[in-house]
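The values are calculated or read from the model by the stated rules, or taken from the named source; none is laboratory data. For clarity, every value in this text was computed on a predicted model and none was experimentally measured. Neighbour counts run over all protein chains shown; Cβ positions are idealised from the backbone, glycine included.
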């Protein structure tokens, strides 16, 4: 179920990406530090944004991102220190495996049904997410002004391909884990050649959101 943490993560991540584009790295670090306290997966976002800065030798900006990662690292260290007696783990082996395992399992599950409104929404959202990450990676890998997105795009594509069914199995799980990748896709609108298609792509996500709200409010999901 969506929680306040999910809403805060989306808000803070949007603010962080805006700060990244405006090269306001102190604000970027602050937003990501707060976002990291809502979801530990934001560590992947911090790493994804640090890679292009590191490749461009923006070491001061990378330093600010490193500072921004300290709160989430400290919090996770605290949790892992106190929870192991209760059987807690990092979730790494439970949620990630060899590339393609979760994708194949998800495709098999979709093929097996049961076919319903929930199945239709889940299938549409998962396919749209898959295509969005592929498009982001392709656009970022071409010779254009979007090359700074390439490391970030590859990080999320690799995470998607190595995720187990624990993440791929339920639409709220994979959508909130990979929401940063979708938000990164919106940045491709800055390239005139892809702006129109990016607008169409984001409109598709808007329709997906409206479909979810309609299905949820009527008890179909």
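Quick notes on this structure:
- Within segment 21-39, the residues that satisfy the criterion of being within 19 Å of the chain's Cα centre (by Cα), at pLDDT below 85 and surrounded by fewer than 23 Cβ atoms within 10 Å (Cβ to Cβ) are 21, 37, 38, 39.
- Identity of the residue in segment 149-163, in contact with a helix residue (DSSP H, G or I) (Cβ under 9 Å, 6 or more places away or on another chain) and surrounded by fewer than 18 Cβ atoms within 10 Å (Cβ to Cβ), that ends up modelled with the lowest pLDDT: 154
- When the helices (runs of 4 or more DSSP H) confined to segment 23-135 are screened for residues that are closer than 30 Å to residue 200 by Cβ, those reaching at least 3 such residues are found at 25-36, 42-55, 101-112.
- Segment 188-221, residues that are at pLDDT 85 or above, over 27 Å from residue 115 (Cβ atoms) and touching a helix residue (DSSP H, G or I) at 6+ places or on another chain (Cβ under 7 Å): 199, 202
- Here the condition is being within 25 Å of residue 8 (Cα to Cα) and modelled with pLDDT of 85 or more; of 172, 128, it holds for 128 alone.
- Among the candidates 214, 159, 175, the residue that is assigned to a helix (DSSP H, G or I) and touching a strand residue (DSSP E or B) at 6+ places or on another chain (Cβ under 9 Å) is uniquely 159.
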